[in-house]
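The values are calculated or read from the model by the stated rules, or taken from the named source; none is laboratory data. For clarity, every value in this text was computed on a predicted model and none was experimentally measured. For neighbour counting, all protein chains shown are included, and Cβ atoms are generated from backbone atoms with ideal geometry for every residue, glycine included.
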Amino acid sequence: MRRGIDIRVDDRVLSAEYRALREAVGWRSVEATDAVLQGALDRTWSATARDQEGRLVGLVRLQDDAVLYASVWDMIVRPDFQQQGIGTKLLETVLDRTRSRHLVSLVATPAGIRMYRNAGFTEESRGSIPLVWRPGE
Ligand SMILES: CC(C)(COP(=O)(O)OP(=O)(O)OC[C@H]1O[C@@H](n2cnc3c(N)ncnc32)[C@H](O)[C@@H]1OP(=O)(O)O)[C@@H](O)C(=O)NCCC(=O)NCCS
């Protein structure tokens, strides 16, 4: 992985830096107020990648009950820091922490599919299928 990048677990991500990271990869903006968004961020745990000035350059967030189930959200690496192993390192870091869960799930964008497959994620679901509902669409 690129030098000078600090990987942190349980790092608190502020709403403003979260918004900036989403914007950097072209994801739609979050309409919630900063206070509401901060509450959402604080109800998950994160692994982050920060540069030497402490700027957020990568993130992955986990919804996790700490025993049975965890799901991976918001895997984002700033474009100017991509292709340098940061996403893979973030993923390894959160998978180390969730290895004892019964099931870890995620929804992969095309950009992430290869990285997740390399880490052992598969479409195999033993006859079950993942379904999503997007309220408001
Ligand atoms: C998906 C995403 C997080 C991957 O982050 P990343 O830091 O670029 O990931 P990595 O560098 O670990 O791996 C990506 C590629 O870089 C390669 N790579 C890893 N370390 C490298 C290094 N030191 N030098 C050059 N390339 C490297 C990997 O082999 C991989 O290549 P591959 O696509 O041929 O398999 C990033 O593309 C992103 O933020 N995309 C937009 C948001 C998004 O769609 N996120 C996924 C949500 S599910």
Residue check for GLY87: within 16 Å of the ligand (Cβ to nearest atom) and either touching a strand residue (DSSP E or B) at 6+ places or on another chain (Cβ under 7 Å) or more than 15 Å from ARG8 (Cβ to Cβ) (or both): yes
Filter pass, VAL67 being more than 22 Å from ARG22 (Cβ to Cβ) and either surrounded by 10 or more Cβ atoms within 10 Å (Cβ to Cβ) or among the aromatic types (Phe, Trp, Tyr) (or both): no
Given (1) exposed (fewer than 13 other Cβ atoms within 10 Å of the Cβ); (2) within 15 Å of the ligand (Cβ to nearest atom); (3) of a type in the set (A, V, I, L, M, F, W, C), number of the condition LEU59 does not satisfy: (1)
Matching option when the condition is small (Gly, Ala, Ser) and either loosely packed, with under 15 Cβ neighbours inside 10 Å or more than 16 Å from the chain's Cα centre (by Cα) (or both), among ALA20, ALA24: ALA20
Condition check for ALA70: more than 9 Å from the ligand (Cβ to nearest atom), within 27 Å of ARG2 (Cα to Cα), among the hydrophobic types (A, V, I, L, M, F, W, C) and in contact with a Leu (Cβ under 6 Å, 6 or more places away or on another chain): no
Members of segment 18-40 that are farther than 13 Å from ASP74 by Cα and among the basic types (Lys, Arg): none
Members of segment 21-76 found to be among the aromatic types (Phe, Trp, Tyr) and under 17 Å from THR88 (Cα atoms), listed by number: TRP73
Selection status of THR48, of a type in the set (Ser, Thr, Tyr), surrounded by 13 or more Cβ atoms within 10 Å (Cβ to Cβ), over 29 Å from SER128 (Cα atoms) and at pLDDT 95 or above: yes
For THR33: the one exception among (1) among the polar types (S, T, N, Q); (2) in contact (Cβ under 8 Å) with a residue 12 or more places away in the chain; (3) over 26 Å from ARG114 (Cα atoms): (2)
Residues of segment 99-119 satisfying the condition of being over 19 Å from GLN63 (Cβ atoms) and touching a residue at least 12 places away in the same chain (Cβ under 8 Å): MET115, ASN118
